[in-house]
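Trainee: Have a look at this one.
Here, each number is a calculation from the coordinates, and none is a lab measurement. Computed from a predicted model, the values in this text were never measured in an experiment. Cβ sites come from the backbone with ideal geometry, for glycine too, and all protein chains shown count toward neighbours.
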Amino acid sequence: MNSTTSLQSCEARFDPFSDKVVLVAPKRSKRPNGSPASSGDRKLQSPPPAVSSACPPDCPGGHEDLTPPAVYVCPESAALNAPGWTIRVVPNKFSCFSRAGSNLHYELPGGLRGIEDPAGACEVVFETEHHKHPIHSRSPEEMAFCIRAIVNRYQTARLDPQARFWYGFKNLGKAAGGTIDHEHWQLYTFSFVPPAIQERYERAAQYFNRTGRSLYGDRFAAEVASGERIVAASPHFLTFVPFAAGMPYQIRIVPKRHTADFSRMTGDQLIDFGVSLRDAVARLCGVIPDLAFNIELHTAAFEHASAPWFCWHLEIVPRITTLAGVELGLNVMVNPVLPEEAASKLRAVSVG
Ligand SMILES: [Zn+2]
């Protein structure tokens, strides 16, 4: 899958995991407001992040009385609903799931699925007691604390017999759907596997049945062999720009040890994962400061936690380009930055 790094026209790249097509079109960056304002090719230093402790009066991240009662805090010796915690997990006040265990089921004529019970749970992980404490300002220990809390919530979620699928994500900045500045993860537990995820599973399982190998393992090995989209490598993780990245400077972090279930990380791997995530965010902020982005943690559905054909991974998706007619109407992404050039700029940022 080598490609030219001086692409001038357009290239249709098919994502091997979803078969979705991405139009890589550098010319689009020459449109008015069409260019991601990166800092150019010079050696970059990630800007020092703004850090502050003071929460405004309406911030639920620093005022326990503004949230539902906590379900988990770290350290575990801290009070659930009073100051003294460094990580606090609460049910989402504005959950997508308003029912649990109802028997709502409605089919459309012709046996088509219409309405079903959306049983599930939404939790918010306030990952620091400080109002502004961005990921790239944190110590390895602070990163590890947060990831351990997320693992704890995942392990608790899968005890629910109705739970089938779990998803963790962060929205940073208004353009990424962020509604409060206090940094937090959101953890969703579903009673069903979303159809787009199910299609990815079926595609990966078919590949495994056909070849005896994991699609994820094969593609990640190909990234290492090519090297042109690699951003960084640590003892246990690989950071790269996906071949068919839908967004400029999109970043994927994958474990070197092929595992479907992210909660099986050992202590060393967990610390290394936190540092890999922190450094990837620092690189992104070095290329484009004050950027809005989403972070997505993709682990296997509970029923596939031991599947040999899936590997968990994390995606950082910058919200640089606007989803317009092609993206929304055709589900075809248009990326004006060649992934190989994005990787080159991200590699050039000095971190740590
Ligand atoms: Zn706050």
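Trainee: How big is the convex hull of the Cα atoms of segment 99-248, per residue, in Å³?
Mentor: 201
Trainee: Within a 10 angstrom radius of the beta carbon, how do Ile115, Ile147, Ile180 rank from fewest other beta carbons to most?
Mentor: With the sparsest Cβ surroundings first, the list reads Ile115, Ile180, Ile147.
Trainee: Only Lys, Arg, Asp and Glu count, each charged at its Cβ (+1, +1, -1, -1), so figure out the dipole size of the chain about its Cα centre, rounded to 20 debye.
Mentor: 920
Trainee: Name every cysteine in the chain that ends up alone, with no second cysteine's Cβ under 4.7 Å, or say none.
Mentor: If one checks each Cβ against the other cysteines of the chain, Cys10, Cys74, Cys96, Cys122, Cys146, Cys285, Cys311 turn up with nothing under 4.7 Å.
Trainee: Calculate the all-directions average of the projected area of segment 146-201's alpha-carbon convex hull, and give it in nm².
Mentor: 4.9
Trainee: Once R0 is set to 45 Å, what does the formula 1/(1 + (r/R0)^6) return for the Cβ-Cβ distance between Ala225 and Glu303, expressed as a FRET efficiency to the nearest 0.05?
Mentor: The calculated FRET efficiency here is 0.90.
Trainee: Further question: Taking H placed 1.01 Å from N in the peptide plane, check which residues at least 5 places from Thr86 or on another chain put their amide H under 5 Å from its amide H.
Mentor: Cys74
Trainee: Take the Cα gyration tensor of the chain, multiply each eigenvalue by 5, square-root it, and list the three semi-axes largest first, rounded to whole angstrom.
Mentor: Those come to 31, 27, 21 Å.
Trainee: So what are the ³J(HN,Hα) numbers for segment 83-92, from phi and the Karplus equation (6.51, -1.76, 1.60; θ = phi - 60°), rounded to whole Hz, Gly and Pro as x?
Mentor: Per residue, the Karplus-derived 3J(HN,Hα) values read x, x, 8, 10, 9, 9, 10, 10, x, 5 Hz.
Trainee: Let me ask something additional. Applying the Karplus parametrisation 6.51 cos²θ - 1.76 cosθ + 1.60 with θ = phi - 60° to the phi angles of segment 195-206, what ³J(HN,Hα) value in whole Hz is obtained for each residue in order, glycine and proline being reported as x?
Mentor: Result, rounded to whole Hz: x, 5, 6, 4, 5, 5, 4, 4, 5, 5, 5, 4.
Trainee: I've got another one for you. Given the peptides 201-213, 280-292, 79-91, 246-258, arrange them by the average over their residues of other C-beta atoms within 10 Å, most packed first.
Mentor: Output ranking for 201-213, 280-292, 79-91, 246-258: 246-258, 280-292, 79-91, 201-213.
Trainee: Per DSSP helix of 4 or more residues, -39500 (n - 2.57); summed, then divided by the residues of the chain. What does that give at 222 nm, rounded to the nearest 500?
Mentor: Taken over the chain, the calculation gives -7500 deg cm²/dmol.
Trainee: A further question follows. With Cβ to Cβ distances under 12 Å as the rule, what net charge do the other residues near Gly352 carry (K, R +1; D, E -1)?
Mentor: Cβ neighbours under 12 Å give a net charge of +1.
Trainee: For segment 255-352, what is the per residue volume of the convex hull drawn over the alpha-carbon atoms, in cubic angstrom?
Mentor: 138
Trainee: Taking neighbour Cβ counts within 10 Å as the exposure measure, how do Glu327, Glu142 sort from fewest upward?
Mentor: Final ranking by Cβ density, sparse to dense: Glu327, Glu142.
Trainee: ³J(HN,Hα) across segment 65-77 via Karplus (A = 6.51, B = -1.76, C = 1.60, θ = phi - 60°), whole Hz, x for Gly/Pro?
Mentor: Listing the rounded values in order: 6, 8, 10, x, x, 5, 10, 6, 9, 10, x, 5, 7 Hz.
Trainee: Do you know the relative contact order of the chain, to the nearest whole percent, from alpha carbon pairs under 8 angstrom that are 6+ apart?
Mentor: About 23 percent, as a whole number.
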